[in-house]
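These notes concern the structure reproduced below.
The values are calculated or read from the model by the stated rules, or taken from the named source; none is laboratory data. Small disclaimer: the values here were computed from a predicted structure and weren't measured. Using ideal geometry, Cβ is built from the backbone for each residue, glycine included, and neighbour counts are taken over all protein chains shown. Just so you know, the surface numbers come from the protein's heavy atoms only, side chains and all, with ligands and any DNA or RNA stripped out. Shrake-Rupley method; radii C 1.70, N 1.55, O 1.52, S 1.80 Å.
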Amino acid sequence: MIDSSGLIIGGKHLPGGSGQFDVQDPASGRVVASVADADVHDATAAVDAAAAAFDDWAALAPRARSEILARAHALMLRDADELAALIASENGKSLVDARGEVVYAAEFFRWFAEEAVRTGGDYGSSPAGGTRTIVTHRPVGVAALVTPWNFPAAMATRKIAPALAAGCTVVLKPAAETPLTAIAVVRLLAEAGVPDGVVNLVPTTDAGGVVGTWLADPRVRKISFTGSTRVGQLLLKQAADRVVNASMELGGNAPFVVTADADLDAAVDGAMIAKFRGGGQACTAANRFYVHATVADEFVARFGARVSRLSVGPSDTGAEIGPLISAAAVSTITALVDDAVTAGARVAFSAPVPAEGWFLAPTILTGVPADAMILDEEIFGPVAPIVTWTDEDDLLRRVNASEAGLAAYVYAGDLGHALRLAERIDAGMVGVNRGLVSDPAAPFGGTKQSGLGREGARAGIEEFRETQYFSVAW
C-alpha cells in the first residue's frame with residue numbers, strides 16, 4: 001500500500017478522531033492506502049492552528065511569500081512523475097492525463113508567486129477637497145478550502161496558491177476519494193518553506209460535519225468550494241448565517257457547437273480533448289454536442305473513428321482512458337445512456353473496455369431527442385450525445401436553456417461568426433476553435449448555477465482579499 005499519514009495540523013501529522021478510512025484504486029477496487037479520518041474536533045484544531053499562524057503569515061513580506069510559492073512550483077515539477085502515479089492510483093486517470101494535471105497544478109504556484117508581489121491599491125484626493133483617500137487590500141483571514149476528486153492536485157493548488165499569496169492561512173478538506181495527492185502537496189509546501197499552521201489538511205468521511213464546523217467558526221472568513229451545484233447551494237445557505245465570503249465553482253453542462261463552415265479536423269481534435277480528457281470527469285467537459293446538420297454525418301464519422309480507437313484500461317497499461325471514480329458513477333451514466341436509447345438515440349460508436357473495474361465505454365450517441373434527460377444532466381463520463389441544428393436562434397435557445405453556465409465550445413470557420421456566437425452563449429468561459437478553456441492566467445468560473453467568483457488570473461487573488469481605505473485629513 002502507498003505510504004500515507006494522518007491529518008496535517010500545525011505542521012504535525014496526527015491521527016484522526018474518527019479512525020481511518022480506505023482509499024481505493026478505481027481500476028481494480030483494491031485498497032491503496034488508509035488515511036486518518038478527521039472529526040469535528042479535528043476541524044476545530046485545524047482552525048486553531050490556522051488562526052494562530054495568521055498574523056505572522058499576513059505580515060510576511062509579499063516577496064517572501066512569492067519566493068516560497070516559486071519553490072513549491074519547482075518542487076512539484078521535480079516530483080511530477082511520482083505525483084502523477086499517485087493521482088492515477090487514487091483517481092484512475094491515465095498517466096498522460098495525470099502528468100498533465102501535475103504540470104497544470106504546479107503552474108498555479110508560479111502564477112500566484114508572481115501575483116503575490118502585485119499588491120495594488122490607489123491614492124487620490126476627494127472631490128470636495130480637504131482629504132486624501134488611500135485604498136489598500138488585506139487578506140480576508142482564515143480560508144476554508146474544499147476540493148473535489150476529479151483533479152486532486154490542480155483543484156488544491158488553484159485555491160491554496162492565491163490564498164497564500166494574499167496572506168491568508170488555510171484549512172483544506174480534500175475529497176475522501178482522493179486525499180493522497182493533497183497529502184503530498186501539503187508536504188511539498190512544507191519543504192518549500194511554508195510555516196507550520198499556514199496550511200492545514202483535514203481528510204474526512206464526514207464532509208458535512210467538518211465543513212459545517214468551519215462555517216460556524218467566527219475565525220473562518222472565507223469558503224472556497226469546488227463541487228456539485230447541490231452541495232454548493234447547501235454551503236451558501238450555511239455561509240449566509242455568518243455572511244462568510246464565498247467562492248463557488250459548481251457544476252457544468254458545456255455545449256460544443258460545430259457550425260457548417262467549421263474545420264472538421266480541428267473540431268474533432270477539440271472534441272477529443274473537451275470530452276475525453278480525464279475520461280470526461282471534468283466540470284468543463286463537453287456535455288452536449290450541437291453539430292450543424294450539413295456536416296453532422298462527416299463530423300460523426302471522423303469523431304467516431306477516433307473514439308473507436310481509444311484504449312481503455314488501468315493507468316499502468318498505458319491506456320488513454322481510465323476508469324470512472326466509482327461503481328455508482330458507472331451506474332448513473334449507464335442509466336442516462338439507456339434512457340436516451342429508449343427515447344430514440346442510437347449508439348453510433350464505442351470503444352471496448354475491460355471486464356473488471358469501474359470502466360465505461362467511450363460512446364457517441366446520435367439521434368438524441370431534444371428532450372432527452374442526458375442533455376440536461378451533467379454526464380461526468382466519456383459519453384458524447386450529438387444533436388443536429390440548422391437555425392442559429394433555436395440553437396442558442398437550446399444552448400442557453402440550461403441552468404448551468406460554466407463552459408462552452410464553438411468551432412466555426414469564420415472567426416468573427418465564432419466570436420458573435422460565443423458572446424451570445426451564457427457561460428463564464430468559451431473555447432473558440434479550442435477544446436480547452438482552463439489556464440492559470442485566465443479567470444475560471446461560471447454564470448447562473450455554475451457558481452460565484454473566479455479562480456486563476458488576477459481575479460483569483462482578489463477572492464482572498466478585502467478592500468480597506470483610509471480617509472486622511474489634509
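Couple of notes before you dig in:
- Unique residue being at pLDDT 95 or above, basic (Lys, Arg) and within 15 Å of the chain's Cα centre (by Cα) when the list is Arg420, Arg454, Arg398, Arg434: Arg454
- Scanning segment 421-456 for residues that are of a type outside the set (D, E, K, R), within 25 Å of Arg110 (Cβ to Cβ) and assigned to a strand (DSSP E or B) yields Met429, Gly431, Phe444, Gly451.
- Selection over segment 424-446 of residues that are open to solvent by less than 20 Å² (accessible area, probe 1.4 Å) and more than 26 Å from Asp265 (Cα to Cα) gives a count of 4.
- Look at segment 385-402: where a residue is more than 24 Å from Ala301 (Cα to Cα) and a partner is of a type outside the set (D, E, K, R), sitting 6+ places away or on another chain with Cβ atoms under 6 Å, you get Ser402/Asn253.
- Among the residues listed as Gly279, Gly304, the single one being within 30 Å of Gly428 (Cβ to Cβ), in contact with a strand residue (DSSP E or B) (Cβ under 6 Å, 6 or more places away or on another chain) and of a type outside the set (Lys, Arg): Gly279
- Selection of segment 10-23 for residues being within 24 Å of the chain's Cα centre (by Cα) and in contact (Cβ under 8 Å) with a residue 24 or more places away in the chain yields Phe21, Val23.
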